[in-house]
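Everything below concerns the one structure shown next.
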Amino acid sequence: MPLKERLKTGLRNDPRRTWPWLPRLPRLPRRPGPPGPPWLAGIAAAAGAAGLAAAVAAVSVSLLGQSPPPPPTVTSVMTDAVSHLKAVQLLLNVARVAGRPRPVIVTSHQFAYFEGMVSFGAKGGPAPAQTHLQQIWRPATDLCAGGLVIEYGQRYSLGVTRKCPDRGQLQANPTYPLLRSLPADPQALLATLRKVRYPGVPADEAAFSAIGNIQESVVPPDVSAALYRAAALLPEISVKPSAYDPAGRPGVAVSFIIGGAEEQWIFNTDTLQLLGEAGFSNGVMTGESAILDRAIVDRAGELPPGR
């Protein structure tokens, strides 16, 4: 189930804003000397970033009369950089695995089946501790054909409206033909995903959420790989070496944090298959989803072969 319930509203602070009123500091004389090793430049840059943050914090105290949060240290800056690089490498590895299967042949009368253990808070509130089984059958090529949901032991028909989006939208419920039409180049694909609009949500967060929503469906292997490569281009990602999906399965997570919102994609450490997602708001879980099965079937209500 896509984590649409986690969408955020309100303003986000832009960490890239400039500070034109800061005093210009004098340039200190520097003794000439032999150049250092190449890796020293990275550490110096990290130290410079930490030092600038400390200077901004000090000016904030004197001019604004506020107590700023502790400035980042060189160690924390370096740790964040390493975590980001690990997340990039993880997503590139996931992309290689996701692109290996043969694409399935999808006809106009088939359905995309999703089965998972889910829990979502009402209107973005805290998610219930207890998950429940959810089964969804959506038309694979034309959402105007309706569908079926089984949840809490009840069956619900996915009705058809007069303004039915036959190909779905990237925000939710994209059809197989819509996914096949996406650009294969990761940069072009990310540019497309950044145009996805959720109310009050920044472009990068919208792109990350859209990719997560799409990957919980049945996705052409090459498109799935391109989506993960596009996510690897986002600067806000980091890695969590230890994570668990709602079904209790251990894995490693790619985390996206902006403002008070965090979303995690949890992958099997060995197979690199997507296990599920979790969403948080200011540290409180607002939704989680464990993927148990995804497949193309012939009829709504039909289970995949072998079930």
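The values are calculated or read from the model by the stated rules, or taken from the named source; none is laboratory data. In this text the structure is predicted, and so the values were computed from the model without any measurement. Cβ placement follows ideal geometry from the backbone for every residue including glycine, while neighbour counts extend to all protein chains displayed.
Restricting attention to region 272-290, and to residues there that are of a type outside the set (Gly, Ala, Ser) and in contact with a Pro (Cβ under 8 Å, 6 or more places away or on another chain), which single residue is surrounded by the fewest Cβ atoms within 10 Å (Cβ to Cβ)? Residue satisfying both the conditions and the ranking: Val284. When Val219 is tested against (1) closer than 19 Å to Thr271 by Cβ; (2) touching a Lys or Arg at 6+ places or on another chain (Cβ under 8 Å); (3) not hydroxyl-bearing (Ser, Thr, Tyr), only condition (2) is not met. If you filter region 246-273 down to residues that are in contact with a helix residue (DSSP H, G or I) (Cβ under 9 Å, 6 or more places away or on another chain) and at positive phi, you find that the one that is modelled with the highest pLDDT is Leu272. If you go through region 238-266 and keep only what is among the polar types (S, T, N, Q) and in contact (Cβ under 8 Å) with a residue 60 or more places away in the chain, you end up with Ser238, Ser255.
If you go through region 84-127 and keep only what is part of a loop (DSSP other than H, G, I, E, B) and among the polar types (S, T, N, Q), you end up with Thr107, Ser108, Gln110. Annotation: of all residues in region 225-271 being touching a Leu at 6+ places or on another chain (Cβ under 8 Å) and part of a loop (DSSP other than H, G, I, E, B), the one that is surrounded by the most Cβ atoms within 10 Å (Cβ to Cβ) is Asp245.
Residues are listed down the side, and each one gets a yes or a no for (1) more than 20 Å from Thr286 (Cα to Cα); (2) in contact with a strand residue (DSSP E or B) (Cβ under 7 Å, 6 or more places away or on another chain); (3) among the acidic types (Asp, Glu):
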site	(1), (2), (3)
Ala112	yes, yes, no
Pro128	no, yes, no
Cys144	yes, no, no
Gln171	no, no, no
Leu189	yes, no, no
Val196	yes, no, no
Pro199	no, no, no
Ala210	no, no, no
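Close contacts from region 88-110, counting a first residue that is within 28 Å of Leu143 (Cα to Cα) and a second that is assigned to a helix (DSSP H, G or I) and at pLDDT below 95, with Cβ to Cβ under 8 Å and a gap of 6+ residues or different chains, come to Val106/Tyr176; His109/Ala145. When every residue of region 145-159 is checked against the conditions, none turns out to be part of a loop (DSSP other than H, G, I, E, B), touching a residue at least 24 places away in the same chain (Cβ under 8 Å) and surrounded by fewer than 15 Cβ atoms within 10 Å (Cβ to Cβ). Residue count for region 160-201, restricted to those that are of a type in the set (A, V, I, L, M, F, W, C), part of a loop (DSSP other than H, G, I, E, B) and at pLDDT below 90: 5.
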